[in-house]
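Engineer: Have a look at the structure that comes next, please.
What follows is calculated from the coordinates using simple rules that are stated; it is not laboratory data. Since we're looking at a predicted model, the values are computed, not measured. Positions of Cβ are backbone-derived with ideal geometry, glycine not excepted, and every protein chain shown enters the neighbour counts.
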Amino acid sequence: MLLFLAPYGWKEMVFFGGLWSAVAGGVALLHPGAAVVPALGLLFTLAFFRDPRRRIPAGEETLVAPADGRISDITEVSENGPLGEPAVRVGIFLSVFDVHVNRTPCSGVVRSTHYQPGEFLDARDPECPRRNERNDIVIERPPRADRVLIRQISGALARRIVCALREDDRVAKGQRFGMIKFGSRTELHVPKRSLADVTVKVGDRVKGGETVLVRTR
């Protein structure tokens, strides 16, 4: 089985791959059995940047998960939220063992991206969405002309948010667009006026680009 790797992590893979390989070689000369420790470190590095293929469900009325992980909360957001109108926020917690490649929940046009510096609280902390470093991407879905928001949020270990999208980019549903390195949180905000049904519940595990989070009108 082929192991597909995310292009966003090539620097880390080259650095840590070389480091773990050198350590394994040096340790093996002293104690061959101990070489298993750096070998496991190398496997963890490759596993973190894995990028498995996903089956993108058809239908413009469904929005898919922007990340792998576990649903941590489903919350109503007031009109003072990032979309400027009442919305529903679906939060996904990513552990260091989850796939960290982010994917677009729908097809459309990127209307804005905004990076906000902040703190690095644990991604499970209730204050994390408000206080942590984050990056917002707003996508407009033609022909509905409604907008959804993806929020990438750093965690206690995640100190690097990667987003390849720019304003006016056209995106396809399930398209890879970035990642958050080493544990994090990703959110999807959907306007209440266009929401038909939330198809997941707190505690569910989801796959980015594949699991349907909500259905829209």
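Engineer: Taking a point 7 angstrom from the Cα of ASP197 along the C-beta vector, which residues in segment 28-67 have backbone N less than 20 Å away?
Structural biologist: The answer is 56-66.
Engineer: If I take every Cα pair under 8 Å that is 6 or more residues apart in the chain, average their sequence separation and divide by the length, what percent do I get for the relative contact order?
Structural biologist: For the chain, the relative contact order is 25 percent.
Engineer: Rounded, prolate or oblate: which one fits the chain, using the alpha carbon gyration tensor with axes a ≥ b ≥ c (rounded when a/c is under 1.5, else prolate when a/b beats b/c, else oblate)?
Structural biologist: prolate
Engineer: Something else: To the nearest 500 deg cm²/dmol, what mean residue ellipticity at 222 nm is calculated for the chain from DSSP H runs of n ≥ 4 alone, each contributing -39,500 (n - 2.57), summed and divided by the residues?
Structural biologist: The helix contribution divided over the chain gives -5500 deg cm²/dmol.
Engineer: What percentages, rounded to whole numbers, describe P(r) for segment 7-48 computed over all alpha carbon pairs with 10 Å bin width beginning at zero?
Structural biologist: It works out to 33, 48, 16, 2, in whole percents.
Engineer: Between segment 65-133 and segment 156-209, how far is it from one alpha carbon centroid to the other, in angstrom?
Structural biologist: 6
Engineer: So, R0 is 41 Å and r is the distance between the beta-carbons of ASP204 and LEU19; what FRET efficiency does that work out to, to 0.05?
Structural biologist: In this case the efficiency is close to 0.65.
Engineer: Now for a different question. Once both labels are modelled 7 Å past Cα along the beta-carbon direction, what's the SER78-PHE4 spacing in nm?
Structural biologist: A separation of 4.3 nm, rounded to one decimal place.
Engineer: First check a/c for segment 39-158, with a ≥ b ≥ c the square roots of the eigenvalues of its C-alpha gyration tensor; if it is under 1.5, answer rounded, and if not, answer prolate when a/b is larger than b/c or oblate otherwise.
Structural biologist: It comes out oblate by the Cα gyration axes.
Engineer: Let me ask something additional. For ASP68, enumerate residues with amide H under 5 Å from its amide H, sequence gap 5+ or separate chain, H modeled in the peptide plane.
Structural biologist: Residues meeting the criterion, in which the H sits 1.01 Å from N, are GLY208.
Engineer: Right, next: Normalise the Cα radius of gyration of segment 55-126 by 2.2 N^0.38 Å (N = residues in it) and let me know the number.
Structural biologist: In units of the 2.2 N^0.38 Å rule of thumb, it is 1.26.
Engineer: With a 10 Å radius around each residue's Cβ, average the other Cβ atoms per peptide and rank 83-96, 109-122, 132-145, highest first.
Structural biologist: 83-96, 132-145, 109-122
Engineer: Let me ask something else about it. Nearest 10 degrees, 0 to 90: what angle lies between the long axis of helix 36-48 and the longest principal axis of the chain (Cα atoms)?
Structural biologist: 20
Engineer: Short version: ³J(HN,Hα) in whole Hz for each residue of segment 104-116, in order, from phi by Karplus 6.51 cos²θ - 1.76 cosθ + 1.60 (θ = phi - 60°), x for Gly and Pro, what are they?
Structural biologist: 6, x, 7, 7, x, 10, 6, 8, 6, 9, 8, 9, 10
Engineer: What residues have an amide H closer than 5 Å to that of ASN132, excluding those fewer than 5 places away on the same chain, when H is modeled at 1.01 Å from N in the peptide plane?
Structural biologist: For ASN132, whose amide H was placed from the backbone, the distant partners under 5 Å are GLU119.
Engineer: Would you mind putting 39-46, 69-76, 164-171, 175-182 in packing order, based on average other-beta-carbon counts within 10 Å, highest first?
Structural biologist: Packing proxy ranking, top to bottom: 175-182, 69-76, 39-46, 164-171.
Engineer: Quick check for me: using +1 on Lys/Arg Cβ and -1 on Asp/Glu Cβ, what's the dipole size of the chain about its Cα centre, in debye to the nearest 20?
Structural biologist: 400
Engineer: Could you state the angle between the C-alpha long axis of helix 10-30 and the longest principal axis of the C-alpha atoms of the chain, as a value from 0 to 90 degrees rounded to the nearest 10?
Structural biologist: Helix 10-30 and the main axis of the chain meet at about 30 degrees.
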